[in-house]
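See below for the structure under consideration.
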Amino acid sequence: MSETNNGAFFGAVLKAIACTRNNGPDDETYETGVIEPARRIRELEKETADRELTPAETERVLGWLETVLDTKCTPDEEREYHRAGIAEAGGLTVVTRETL
C-alpha cells in the first residue's frame, strides 16, 4: 500500500456503502453489519482528519467495508468495482480481498 488520500479514500468508501443495494435477509443483521461499521468508519475519518492514515487504519476501514458488503450480500463484480474506485480515489496501490 502507499500513502492514502484521506478525504478521497473515506469519500469513496462511504459512497460504496451508500450506493450498494441491500440484498441481506433481516434488519438485525443490517444494524450490526452495516450501520455499526459505517459509524466506525465515520468516527475514524474524524479522528484522522489532521493526519495520514496508517496502513493498519486503512486495512481496518477496508475490513469494515467488507463486512458491509458481506452483510448486503453484494455480488463479486460489484465488490471489485468498488475496490477499484476506492484504490484510485485513495491513492492505494492494492485493494483486494486478500489484503483485508
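The values are calculated or read from the model by the stated rules, or taken from the named source; none is laboratory data. Remember, it's a predicted structure, so these values are computed and weren't measured experimentally. All Cβ positions, glycine included, derive from the backbone under ideal geometry; neighbour counts span all protein chains shown.
For residue 24, the conditions (1) under 14 Å from residue 69 (Cα atoms); (2) at pLDDT 90 or above are fulfilled apart from (2).
Within region 10-45, can you find the residues that are over 12 Å from the mean Cα position of the chain (by Cα) and among the β-branched types (Val, Ile, Thr)? Correct list: 29, 32, 35. Looking only at region 12-41, which residues are surrounded by 16 or more Cβ atoms within 10 Å (Cβ to Cβ) and either among the small types (Gly, Ala, Ser) or farther than 16 Å from residue 79 by Cα (or both)? Matches in region 12-41: 12, 16, 24, 30, 33, 37, 38, 41.
Residues in region 49-66 that are surrounded by fewer than 18 Cβ atoms within 10 Å (Cβ to Cβ) and more than 12 Å from residue 16 (Cα to Cα): 49, 50, 51, 52, 54, 55, 56, 57, 59, 60, 63. Among residues of region 85-96 that are closer than 17 Å to residue 20 by Cβ and of a type in the set (A, V, I, L, M, F, W, C), those with a Cβ under 6 angstrom from a residue that is modelled with pLDDT under 80 and part of a loop (DSSP other than H, G, I, E, B), sequence gap 6+ or separate chain, pair up as 86/95; 87/95. For region 46-61, the candidate set comprises residues that are assigned to a helix (DSSP H, G or I) and without any contact (Cβ under 8 Å) to a residue 40 or more places away in the chain; within that set, the residue that is nearest to the chain's Cα centre (by Cα) is 60. Considering only residues in region 67-81 that are more than 9 Å from the chain's Cα centre (by Cα), closer than 23 Å to residue 8 by Cβ and not acidic (Asp, Glu), the one that is surrounded by the fewest Cβ atoms within 10 Å (Cβ to Cβ) turns out to be 81.
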